[in-house]
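**Student:** Structure provided below as structure tokens; questions to follow.
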Amino acid sequence: MAKWFMLTLVGEDRPGIVAKLTHALFEAGCNLGEASMMRLGGNFTMMLMVGFDGKAKALNDVIAPVSESLNLHLHVDEINAALHTHLEPDVRISVYGADRTGIVSEVTGALAESGLHILDLESDVAGSTESPLYIMHIEGHAAEGIDSLRAALNLMQDRGIETSLEEIDTLLG
Amino acid sequence: MAILDILVFPDPVLKQASETVTVFDDEFKQFIADLDETRLSAPGCVGIAAPQVGRFQRVALVDVSGNPKHKSNGYMVLVNPEIVEWEGYKKGREGCLSVPDYTGNVMRATSIVLEAQDVEGVTQRYECEGFEARAVQHEIDHLDGLLFLDRLVSRRNDLFERKVYKK
Ligand SMILES: [Zn+2]
């Protein structure tokens, strides 16, 4: 059975990266699993699970010609992984405020202490160079309930960070 | 009573529209009972539609009363349902017995009025809000051959949905 590898690729963004890379993986008989790809600060970043029947070195050799031609840094890790192991988030938290050092660690630190297990986080810096605005969206699991997270966020509010929390009530039907 | 087999996408029949129910006989009532037993066999499942078990008739069951925080009409047998009024839109997370191991965000009307026949064929009128309205819309979609996958919206860049600015 094929093993799972985590591929990390980062480099200057340009059109066609995903198509070229996935074509090379397809040609080499790889299976794609879960993936997250996104443009961050003018770079294109990819993290993807790849099922491959061979060693990390061999997989690296398959991808290296493509990643080099696209000027992407490549990293390959054999990982202990499986598909169909999703954890369902039960809370969504949005945060925004004037960008300043420590805002992320302050907020995520308080939330972690209140039982939040982060499953998905994306953040952005908007506004302008002179007055940047930090925006963050988190989905996670509230291991100690919603109320303790609300209390943690209320403290943030007092420090000038806007927050909102919404329970995720997933419908099954 | 029997637990029926759930069809799972990519079975193409899930994308086919179902037909109007015209016969309300004992066999039909037995089917409704089996359909609800099938729903109840899946933990947390609040709705099911006949085409999910391979019967292409316009019948769906919805019951969100299991969680007391949801406003609810209780157990609803919806035969030939029609939504006659819609209001508001909200994004919410949905999953489906026919699409295992995936959930996604879907926009749905926040309150609806619907007309449907009951198990005896008598027309009933229901007002549904929030989670129950969402469940009804999800099930009626099944009758039209639509899955929540057809209506996914991005998980990213959510708005601050809880903030309501009054005029
Ligand atoms: Zn469904």
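Throughout, read-outs are computed from the coordinates displayed, never taken from laboratory work. No experiment lies behind these values; they were computed from the predicted model shown. Every residue, glycine as well, gets a Cβ built from its backbone with ideal geometry; the counts of neighbours run over all protein chains shown.
**Student:** Defining a contact as two alpha carbons under 8 Å apart and six or more residues distant in sequence, what relative contact order in percent does the stretch A:1-69 show?
**Tutor:** Relative contact order comes out at 45 percent.
**Student:** Return one number: the angle in degrees, 0 to 90 and rounded to the nearest 10, between the long axis of the Cα atoms of helix B:26-40 and the longest principal axis of the Cα atoms of chain B.
**Tutor:** The angle comes out near 40 degrees.
**Student:** About its Cα centre, how strong a charge dipole does the stretch A:3-79 have in debye, to the nearest 20, once Lys and Arg get +1 and Asp and Glu get -1 at the Cβ?
**Tutor:** In debye, rounded to 20, the stretch A:3-79 gives about 60.
**Student:** Only bridges whose two residues both fall in the stretch B:12-161 count here: according to DSSP, what percent of them are antiparallel, nearest 5?
**Tutor:** Of all bridge pairs located within the stretch B:12-161, approximately 95 percent are antiparallel.
**Student:** Rounded to the nearest Å, what's the spacing between the alpha carbon centres of the stretch A:22-60 and the stretch B:77-114? Just the number, please.
**Tutor:** 35
**Student:** If you fit an axis through the alpha-carbon atoms of helix B:130-143 and take the longest principal axis of the Cα set of chain B, what angle between them do you get, 0 to 90°, nearest 10?
**Tutor:** 50
**Student:** Moving on to the next point. Might you report the magnitude of the Cβ-based charge dipole of chain A about its Cα centre, with Lys and Arg at +1 and Asp and Glu at -1, to the nearest 20 debye?
**Tutor:** 620
**Student:** Give the average over all directions of the projected area of the C-alpha convex hull of chain B, one decimal, in nm².
**Tutor:** If I average the Cα hull's projected area over directions, I get 10.5 nm².
**Student:** When you look at the Cβ of every residue in B:90-99, what mean number of other chain Cβ atoms sits within 10 Å?
**Tutor:** Across the residues of B:90-99, the mean count of other-chain Cβ atoms within 10 Å is 3.
**Student:** Under the definition of Cα pairs under 8 Å and six or more residues apart, what whole-number percent is the relative contact order of the stretch A:91-167?
**Tutor:** 46
**Student:** Only Lys, Arg, Asp and Glu count, each charged at its Cβ (+1, +1, -1, -1), so figure out the dipole size of chain B about its Cα centre, rounded to 20 debye.
**Tutor:** The dipole of chain B has a size of about 1280 debye.
**Student:** Placing +1 on the Cβ of each Lys and Arg and -1 on the Cβ of each Asp and Glu in the protein assembly as shown, which of A:Tyr96, B:Val153, A:Leu111 has its Cα farthest towards the positive end of the resulting dipole?
**Tutor:** The residue sitting most towards the positive pole is A:Tyr96.
**Student:** Looking at A:Trp4, B:Asn73, B:Thr22, which one has the Cα that reaches farthest to the positive end of the dipole of the protein assembly as shown (charges on Cβ: Lys, Arg +1; Asp, Glu -1)?
**Tutor:** Sorting the options by dipole projection puts first A:Trp4.
**Student:** Okay, next question. Can you list the residues, at least 5 places off or on another chain, whose amide H is less than 5 Å from the amide H of B:Tyr102, using H built in the peptide plane?
**Tutor:** Answer set, sorted by chain and number: B:Cys96.
**Student:** Still on this model: Considering only DSSP beta bridges where both residues belong to the protein assembly as shown, give the percentage that are antiparallel (nearest 5).
**Tutor:** 95
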